Amino acid sequence: MKIFSTNTCPVPDNIEQVIRQKDEVAAEQGGMTERQIQKIWNSIEALYKTGNYPLITFCLRRQGKILLNRSIGYAQGNSPAGLQENALIATPDTPVCLFSASKMITAMLIHLLDEKGEINLLDPVSYYIPEYGVNGKRRATLFHLLAHRGGIPYIDGDVTPELLFDKDEILKRLYAAKPVSPAGNHLAYHAVTAGYILGEVIERVTGQDLREFVHQTIEKPMGMPYFNYGLKPEYRSEVALNCATGLHPRLGTDHYLNHVLGGGLQLAVDVTNDSRFMDTICPAGNIYTSAEQAGRFFEMLLSGGSYGGQQIFSEKTIFRATLPTTGVNIDRTLLIPMRYALGPMLGSNPVGLFGPMTGQAFGHLGFSNILCWADPERDISVSLLTTGKSVVGTHLPALANVLYQISTQCPRIPRDQRRSLFGSDAHETSLV
């Protein structure tokens with residue numbers, strides 16, 4: 001990387017040649033106009049033209065209808081080093097790693113076990129994993145981990161690719177770890193740590209491999225061929241590869257990512273492009289899926305846990321999982337104002353993670369510009385998946401505009417017409 005380079009990827013002169021779409025219906029079927037849809041898509045095209053992403057895949061549902069389901073760019077073969085002759089153009093079905101948006105799935109699996117009475121969120125973690133209850137962690141609960149208040153926001157010691165391929169070693173370190181603060185005291189995003197502990201709880205309680213459990217409870221009943229931790233070998237020739245983009249990481253990005261992840265930008269990219277990462281289970285970061293399937297999951301949550309005539313989660317579980325656990329507070333890991341439920345990140349008013357006036361929205365961010373969410377106020381489920389890992393770069397104004405266009409072009413639903421689960425003010429925040 002050059003220090004003074006924007007570190008961006010080549011963008012075709014005619015971007016139409018790298019755009020693919022699938023299974024869209026007319027805007028009117030989702031209560032919108034073609035002009036509104038076009039404004040949203042124009043903002044996605046403008047984001048792609050910044051060159052910060054080899055690939056963007058995007059899916060927007062409103063009132064349960066797929067109004068946009070498109071990919072723009074390359075799954076493989078494009079990076080700041082140049083466009084390769086045999087570069088693979090992506091499709092809406094291209095598998096993409098969700099990174100931290102995977103936490104949402106792991107959290108909902110924990111809520112499912114709570115729904116079935118197999119665990120209690122107020123129980124100490126050590127009730128299910130006795131080895132965890134040492135060095136000041138005995139009183140840390142499942143609730144604390146879901147709310148990013150568990151006191152273990154990072155892994156002690158050097159974080160290497162080999163460590164991230166070794167779940168048992170990570171768990172051993174977390175069992176022995178001393179918390180940086182008592183559980184419940186401080187809000188500090190747990191980038192990878194809580195996911196491994198919650199995943200281990202699921203496996204011990206169910207007696208199942210985590211990959212098999214998500215297959216039986218979500219992937220299979222929702223008809224998704226790949227929506228799981230890691231990626232089956234038969235899909236790897238199509239997988240979207242990630243690359244480091246944006247301003248030179250030594251200008252601050254690497255310092256920030258070391259604080260959040262325990263490793264720099266290139267480490268995160270190299271790990272996720274490695275087949276060993278696709279072989280392993282990383283509960284906090286390696287669900288691979290398409291934008292449509294990610295959006296399908298959030299549409300199911302928006303529909304009170306129901307999809308295709310099957311009840312995946314109860315309405316009560318969805319309601320409890322998405323209730324705020326805090327107001328807007330400074331997150332001691334991310335160093336920005338955040339608002340959390342028990343697993344999901346939450347939107348805010350007048351502006352939040354998912355754009356302006358998104359006080360009811362719930363979802364999750366994935367490294368670095370992956371955003372998946374549902375907004376009951378607008379009756380939308382959205383997934384924006386990207387493979388350029390810009391943190392600081394020329395993309396930021398364009399990304400802000402994408403969120404602005406989604407929030408402003410998707411009409412709000414009158415309160416008395418919203419889906420019953422989200423018809424109250426329970427998830428909203430007042431103007432500040």
task: Out of all DSSP beta bridges with both ends in the chain, state the antiparallel percent to the nearest 5.
output: 95 percent
message: Quick one: 3J(HN,Hα) in Hz for region 215-228, Karplus 6.51/-1.76/1.60 with θ = phi - 60°, rounded, Gly and Pro as x.
response: 5, 6, 8, 10, 4, 6, x, 9, x, 10, x, 8, 8, 7
- request: With the Cα gyration tensor of region 34-193 in hand, convert its eigenvalues to equivalent ellipsoid semi-axes via √(5λ) and list them largest first in whole Å.
  value: 39, 22, 14
statement: Expected max-MSF residue from 77, 366, 388 in the GNM of the chain (alpha carbon, under 10 Å) is 77
Radius, Kirkwood style, for region 286-356 when every pair of distinct Cα atoms is counted (Å): 13.8 Å
task: Over 28 Å, how big is the tail of the calculated P(r) for the chain, in percent of all Cα pairs?
output: 45 percent
message: More than 16 angstrom separation, counting every C-alpha pair in region 119-249; what % is that?
response: 69 percent
message: If the only charges are +1 at each Lys and Arg Cβ and -1 at each Asp and Glu Cβ, what is the size of the charge dipole of the chain around the Cα centre, to the nearest 20 debye?
response: 840 debye
Dipole of the chain, positive direction: furthest Cα of 146, 282, 176, with charges on the beta-carbon: 146
message: Spelling out what I want: for every residue of region 6-22, take phi, set θ = phi - 60°, compute 6.51 cos²θ - 1.76 cosθ + 1.60 (Karplus), and round to whole Hz; glycine and proline get x.
response: 6, 6, 10, 8, x, 10, x, 4, 10, 6, 4, 6, 10, 9, 10, 9, 7
task: Just order 8-18, 167-177 by mean Cβ neighbour count inside 10 Å, highest at the front, would you?
output: 167-177, 8-18
message: Can you compute the label reach from residue 394? Point 7 Å from Cα along the Cβ direction, backbone N cut-off under 14 Å, restricted to region 38-70.
response: 46-54
query: Dipole of region 101-156, Cα-centred, from +1 at each Lys and Arg C-beta and -1 at each Asp and Glu C-beta, to the nearest 20 debye?
result: 200 debye
field: Linear extension gain, residue 15 paired with residue 123, 0.36 nm per residue minus alpha-carbon span
entry: 33.6 nm
query: Computed over the Cα atoms, what is the radius of gyration of region 272-316 divided by 2.2 N^0.38 Å, N being its residue count?
result: 1.48
message: Can you tell me which lysines have their Cα less than 24 Å from the Cα of residue 137? Leave out same-chain residues fewer than eight positions away.
response: 103, 167, 172, 178
field: Globularity index of region 8-114, i.e. its alpha-carbon radius of gyration over 2.2 N^0.38 Å
entry: 1.25
- prompt: In whole Hz, what ³J(HN,Hα) sequence does region 125-141 give by Karplus (6.51, -1.76, 1.60; θ = phi - 60°), x for Gly and Pro?
  reply: 4, 5, 5, 9, 10, x, 5, 6, x, 10, 6, x, 10, 4, 9, 6, 9
- prompt: Where q = 0.15, 0.28, 0.30, 0.35 Å⁻¹, what log10 of I(q)/I(0) comes from the Debye formula for region 42-82, counting one point per Cα?
  reply: -0.42, -0.96, -1.03, -1.19
field: Extension gain from residue 49 to residue 172, taking 0.36 nm per residue of separation minus the Cα-Cα distance
entry: 39.9 nm
query: Counting only residues 5 or more places away or on other chains, whose amide H sits under 5 Å from the amide H of residue 367 once H atoms are built in the peptide plane?
result: 100, 101
- prompt: Assuming a viscosity of 1.567 mPa s and a temperature of 4 °C, what translational diffusion coefficient in µm² per second does Stokes-Einstein assign to region 286-432, Rh being the Kirkwood radius over Cα pairs?
  reply: 82 µm²/s
task: Return the calculated 222 nm mean residue ellipticity for the chain, to the nearest 500 deg cm²/dmol, obtained by summing -39500 (n - 2.57) across DSSP H runs with n ≥ 4 and dividing by the residue count.
output: -8000 deg cm²/dmol
- request: Pull up the cross-link candidates among the aspartates and glutamates for residue 316, meaning alpha carbon to alpha carbon under 20 Å and not fewer than 8 places away within one chain.
  value: 114, 115, 118, 123, 299, 375, 377, 379, 416, 425, 428
message: Using the Cα centre of region 303-432 as the reference point, and only Cβ charges (+1 on K/R, -1 on D/E), how large is the resulting charge dipole? Debye, rounded to the nearest 20.
response: 140 debye
Over region 60-109: Rg over Rh, Cα atoms, Kirkwood Rh: 1.11
task: Mind checking the full-extension length gain between residue 211 and residue 42? Use 0.36 nm per residue of separation minus the Cα-Cα distance, one decimal, nm.
output: 57.1 nm
- prompt: Dividing the Cα radius of gyration by the Kirkwood radius, what Rg/Rh value follows for region 155-227?
  reply: 1.04
message: Counting C-alpha atoms alone, how compact is region 293-333: give Rg to one decimal and Dmax as a whole number, in angstrom.
response: 13.4, 42
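Each reported figure results from applying straightforward, stated rules to the coordinates on display, with no laboratory input. This is a predicted model, so every value here is computed, not measured. We place every Cβ from the backbone using ideal geometry, glycine too, and count neighbours over all the protein chains shown.
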